[in-house]
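Input: a single structure, listed below in structure tokens.
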Amino acid sequence: TSLTATVNSVTSAPKTITVNEIPFNINTVNKVEIINDPTKMTYTEQETFDATGIVVKLTDANGKVKEVSANELSTYNITLSPASNSVITTSTTSLTATVNSVTSAPKTITIKAKVVVVENKVSKSEPVKLPSTGANYKFINIVGAILFIAGCTLFNRKRNIK
């Protein structure tokens, strides 16, 4: 780029100048947006959160923008909630990205309750003990068994529970 000056109809010789663009500054980020959701946004509880496919847009105080993909999150100190590779629970309802205390708007994550299938337990004297995991249970072909769930006893007398 060159610059000339004109005074009283006299123009100076062109002078070459260099314009240095202000670079993106991670320390002055004032806006965080999730512009591309992770590939997977529906989970069954106890699955691990996968951030693959996410793109986070950061905007600094000078209006400079940086788009950050999943494999660059740590480079730009971006934290996700839920964190990558964390176990999903039914209380997980949204995804956010945070940089320097600036947090994106939440994106909805769909969480399905885990279903534990208990099948073909036939016993008149031996109880069926199930863990208290907060899971939903589906009973198939349970005949004559005593069921213990989360400290409660469910009696089943000669009929299937479905």
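The values are calculated or read from the model by the stated rules, or taken from the named source; none is laboratory data. None of these values were measured; they are calculated from a predicted model. Please note: Cβ atoms are built from the backbone with ideal geometry, for glycine as well, and neighbour counts cover all protein chains shown. The protein model used for the area step is the full one, side chains on, heavy atoms only, and it has no ligands, DNA or RNA in it. Shrake-Rupley method; radii C 1.70, N 1.55, O 1.52, S 1.80 Å.
Some notes on this structure:
- Scoring Asp50 on the criteria (1) surrounded by fewer than 15 Cβ atoms within 10 Å (Cβ to Cβ); (2) acidic (Asp, Glu); (3) part of a loop (DSSP other than H, G, I, E, B) leaves a single failure, condition (1).
- Considering (1) acidic (Asp, Glu); (2) surrounded by fewer than 10 Cβ atoms within 10 Å (Cβ to Cβ); (3) touching a residue at least 40 places away in the same chain (Cβ under 8 Å), the lone condition that Glu33 does not fulfil carries the number (2).
- Flag if Glu67 is of a type in the set (Asp, Glu), open to solvent by 80 Å² or more (accessible area, probe 1.4 Å) and in a loop (DSSP other than H, G, I, E, B): no
- There is at least one residue in the range 70-80 that is open to solvent by 60 Å² or more (accessible area, probe 1.4 Å), free of Cβ contacts under 8 Å to residues at least 60 places away in the same chain, in contact with a strand residue (DSSP E or B) (Cβ under 9 Å, 6 or more places away or on another chain) and within 30 Å of Ala113 (Cα to Cα).
- Test: residue in the range 14-28 that is aromatic (Phe, Trp, Tyr), modelled with pLDDT of 90 or more and touching a Phe, Trp or Tyr at 6+ places or on another chain (Cβ under 8 Å): no
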